[in-house]
1. Go through the range 308-335 and report how many residues are modelled with pLDDT of 95 or more and either over 19 Å from the mean Cα position of the chain (by Cα) or in a helix (DSSP H, G or I) (or both).
2. Could you tell me which residue of the range 84-99 is farthest from the ligand (Cβ to nearest atom), considering only residues that are in contact with a helix residue (DSSP H, G or I) (Cβ under 8 Å, 6 or more places away or on another chain) and more than 21 Å from residue 191 (Cβ to Cβ)?
3. Scan the range 180-214 for residues that are in contact with a strand residue (DSSP E or B) (Cβ under 7 Å, 6 or more places away or on another chain) and within 12 Å of the ligand (Cβ to nearest atom) and jot them down.
4. Looking at 63, 54, which one is more than 12 Å from the ligand (Cβ to nearest atom), in contact with a strand residue (DSSP E or B) (Cβ under 7 Å, 6 or more places away or on another chain) and under 18 Å from residue 168 (Cβ atoms)?
5. Residue under question is residue 43, and the condition is that it be at pLDDT 95 or above and surrounded by fewer than 19 Cβ atoms within 10 Å (Cβ to Cβ); does it hold?
6. Tally up the residues in the range 133-158 that are touching a helix residue (DSSP H, G or I) at 6+ places or on another chain (Cβ under 7 Å) and assigned to a helix (DSSP H, G or I), please.
7. Select from the range 286-307 the residues that are more than 17 Å from residue 265 (Cα to Cα) and either surrounded by 16 or more Cβ atoms within 10 Å (Cβ to Cβ) or not assigned by TED's automatic domain parsing to the domain that holds residue 267 (or both) and list them in ascending order.
8. Residue 62 fails exactly one of the following numbered conditions: (1) in a loop (DSSP other than H, G, I, E, B); (2) surrounded by 14 or more Cβ atoms within 10 Å (Cβ to Cβ); (3) modelled with pLDDT of 95 or more. What is the number of that condition?
Ligand SMILES: *Cc1c(COP(=O)(O)O)cnc(C)c1O
């Protein structure tokens, strides 16, 4: 089969109804960061994620930034955060001149290790610096739920609020509850490569109305109630456009189908590589876990093969197929390696042996089959 069009890891997949909502925005001239699409998209998201409030914003990064500001994270404070993630999880901590403290993963979910989290908190109690820890940011990477019972138990015991970074995990669940509904505040992303997209965008989720009101206020330049323009706080221009929220409404109509298809991709790949012992898929750790399988990933067991992920990546690239190593942990990044890190080796092992393969909900059967064939040829 000749391959002309690039096969992406995850590309936008419209439902066909997005333009109806964009059209309405044009007809009613709601071409602004407020309007009926913004309100409806917020209601739909809150309902889907099992929270009382959603505030839609210009990006997931903006949502995290506002979450940290609302938890009073400022210069010199500490935020305990998963090291195995995308840089956008950590950047807003540094925007606030606070210090990220990296927590390694556990091998079952690849997400924050509750024991290392506890160790970091315990040491701070011993050193009498717990009051500097303003938040814990836990990431659900590739859609896999973190061990939320254990993490929430530790966080509550030490009295530190949790922010869930569910940017990759819309539609995932833990013990039947949607991710994004566990933290005091949670964030979603609708960037172009996420499970649904608004081209660019994000959301802040919460149960306390106060936070939703505050987030909308900060996201629209923190304008006080006054006839003139008056400001007593620093504001941001972080609100989502009503035009883009129209895309979000159309996308939410098909979210369950998108999740279904991503899981189907994962199952297809897993069964296709059953005979290759060196390929290991990240199974769900138990019935408490439901992953949207945003990206299909697998690990290559070095004891069983000489094949490396870069060989697989090169082979796929020859057919114009995108693939990518797993996220490079933040404590290894040149910009973040100065910060304290609680390590057990898990994220470094994952980074050294894992790969992401095309996982979009719009992937054609022939494309998926070709991905499998190219990888099989490597072994
Ligand atoms: C995409 C992503 C973000 C950031 O979202 P943007 O909308 O791109 O700003 C944050 N955290 C994780 C884990 C992500 O994958």
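The values are calculated or read from the model by the stated rules, or taken from the named source; none is laboratory data. What you are looking at is a predicted structure, and each value in this text was computed from that prediction instead of being measured. Glycine gets a Cβ as well: all are built from the backbone with ideal geometry, and neighbour counts include every protein chain shown.
1. So the answer is 17.
2. Let us first name the residues in the range 84-99 that are in contact with a helix residue (DSSP H, G or I) (Cβ under 8 Å, 6 or more places away or on another chain), namely 84-85, 87-93, 95-96, 98-99.
Applying the additional criterion that residues be more than 21 Å from residue 191 (Cβ to Cβ) yields 96, 98-99.
Details: 96: 16, 98: 17, 99: 19 Å.
Taking the candidates together, the pick is 99.
3. 186, 187, 188, 189, 190, 201, 202, 203, 204
4. Working: 63 fails: more than 12 Å from the ligand (Cβ to nearest atom).
The conditions single out 54.
5. Values: at pLDDT 95 or above: yes; surrounded by fewer than 19 Cβ atoms within 10 Å (Cβ to Cβ): yes.
In short, yes.
6. Narrowing the range 133-158 to residues touching a helix residue (DSSP H, G or I) at 6+ places or on another chain (Cβ under 7 Å): 133, 135-139, 147, 150-151, 154, 158.
This time we only want the ones that are assigned to a helix (DSSP H, G or I), so: 150-151, 154, 158.
Qualifying residue count for the region: 4.
7. To start, the set of residues in the range 286-307 that are more than 17 Å from residue 265 (Cα to Cα) comprises 286-289, 300-307.
If the condition is that a residue be more than 17 Å from residue 265 (Cα to Cα) and either surrounded by 16 or more Cβ atoms within 10 Å (Cβ to Cβ) or not assigned by TED's automatic domain parsing to the domain that holds residue 267 (or both), then 289, 300, 307 are the ones that fit.
8. Just one mismatch for residue 62, condition (1).
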